[in-house]
Amino acid sequence: MREHVKDENGQNLQEILVDPVTGEQTVQFVTEDVKSTITTIPFVKLNEFNYEWLVAFAGEASSWLKWIVYALAIILIITAVSNAANLTDGLDGLATGTSAISGATLGVLAYVSGNIIYADYLNIMYIPNIGELTIFVAAFIGATVGFLWYNSYPAQVFMGDTGSLALGGILAVFSIIIRKEFLIPLLCGIFLLKIFQ
């Protein structure tokens with residue numbers, strides 16, 4: 001995430017750029033990359049959520065405590081989704097088909113999150129260069145659809161633990177990378193329903 005660099009008075013730093021050909025001057029804010037625990041909540045107007053809010057009661061300690069809460073949330077998300085995908089896997093191809101659809105949705109969200117015009121229009125968090133992950137998602141979708149095609153009627157193979165845990169892990173990590181982890185209950189709802197069956 002990029003934030004404005006502040007001076008000693010708390011004002012945003014600016015720099016003046018001079019075009020060497022025309023001599024035209026432009027003012028630009030100075031920014032820097034920072035690590036952040038901010039994520040997005042889907043389908044709401046003010047859609048940013050900061051994990052630091054969960055430990056705001058800690059005062060000064062919340063600056064480092066937020067990373068512990070964030071790490072625990074990430075561990076919980078990845079473990080839950082990968083295990084749910086493992087429980088969903090079977091000869092019917094339910095885990096594979098659901099993963100392909102969820103991957104396609106995350107791919108579209110990655111593309112629009114990496115495009116500043118679409119991200120601004122759709123009011124979602126802009127993440128520079130994250131649109132490059134659509135190539136990875138395209139390969140993921142191709143692999144899942146290829147498996148479904150290979151394992152069409154009569155089905156003879158199921159992925160087993162290695163494949164289904166990887167599917168769930170990929171979906172969980174991808175949603176975390178593009179800051180859409182709160183969409184997992186919607187995207188992977190079949191996985192979650194399979195847990196309680």
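Results for (1) of a type in the set (D, E, K, R); (2) under 30 Å from Gln156 (Cα atoms); (3) not in a helix (DSSP H, G or I), shown as yes or no for each residue.
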{"position": "Val27", "(1), (2), (3)": "no, no, yes"}
{"position": "Phe43", "(1), (2), (3)": "no, no, yes"}
{"position": "Gly59", "(1), (2), (3)": "no, no, no"}
{"position": "Trp64", "(1), (2), (3)": "no, no, no"}
{"position": "Ile68", "(1), (2), (3)": "no, no, no"}
{"position": "Ile74", "(1), (2), (3)": "no, no, no"}
{"position": "Val81", "(1), (2), (3)": "no, yes, no"}
{"position": "Thr96", "(1), (2), (3)": "no, yes, no"}
State which residue pairs qualify: first residue of a type in the set (Asp, Glu) and inside the range 96-125, second residue outside any helix (DSSP H, G or I) in any location, beta carbons under 8 Å apart, and separation of 6 or more residues or different chains.
Asp120/Tyr126
What's the number of the condition Phe43 fails, among (1) surrounded by fewer than 16 Cβ atoms within 10 Å (Cβ to Cβ); (2) farther than 28 Å from Ala138 by Cα?
(2)
Find the helices (runs of 4 or more DSSP H) located wholly in the range 144-197 whose residues include 2 or more that are closer than 30 Å to Tyr70 by Cα and among the small types (Gly, Ala, Ser), and list them.
160-177
Given the conditions (1) in contact with a strand residue (DSSP E or B) (Cβ under 9 Å, 6 or more places away or on another chain); (2) more than 25 Å from Lys35 (Cβ to Cβ); (3) not small (Gly, Ala, Ser), report the number of the one that Arg179 does not fulfil.
(2)
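Might you let me know whether the range 100-116 holds any residue that is more than 15 Å from the chain's Cα centre (by Cα) and surrounded by 16 or more Cβ atoms within 10 Å (Cβ to Cβ)?
yes
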Return a yes/no flag: does the range 86-99 have any residue that is modelled with pLDDT of 90 or more, among the hydrophobic types (A, V, I, L, M, F, W, C) and at negative phi.
no
Does the range 137-157 hold any residues that are crowded, with 16+ Cβ neighbours inside 10 Å and modelled with pLDDT under 80, and which are they?
Asn151
Of the criteria (1) free of Cβ contacts under 8 Å to residues at least 40 places away in the same chain; (2) assigned to a loop (DSSP other than H, G, I, E, B), which one Glu132 fails:
(2)
List every residue pair whose Cβ atoms sit under 6 Å apart, with the two residues 6 or more apart in sequence or on different chains, where the first one lies in the range 43-65 and is touching a residue at least 40 places away in the same chain (Cβ under 8 Å) and among the hydrophobic types (A, V, I, L, M, F, W, C) and the second, anywhere, is surrounded by 10 or more Cβ atoms within 10 Å (Cβ to Cβ) and in a loop (DSSP other than H, G, I, E, B).
Phe49/Ile41
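The values are calculated or read from the model by the stated rules, or taken from the named source; none is laboratory data. All values derive from a computational prediction rather than experimental measurement. Note that each Cβ is placed from the backbone with ideal geometry, even for glycine, and that neighbours are counted across all protein chains shown.
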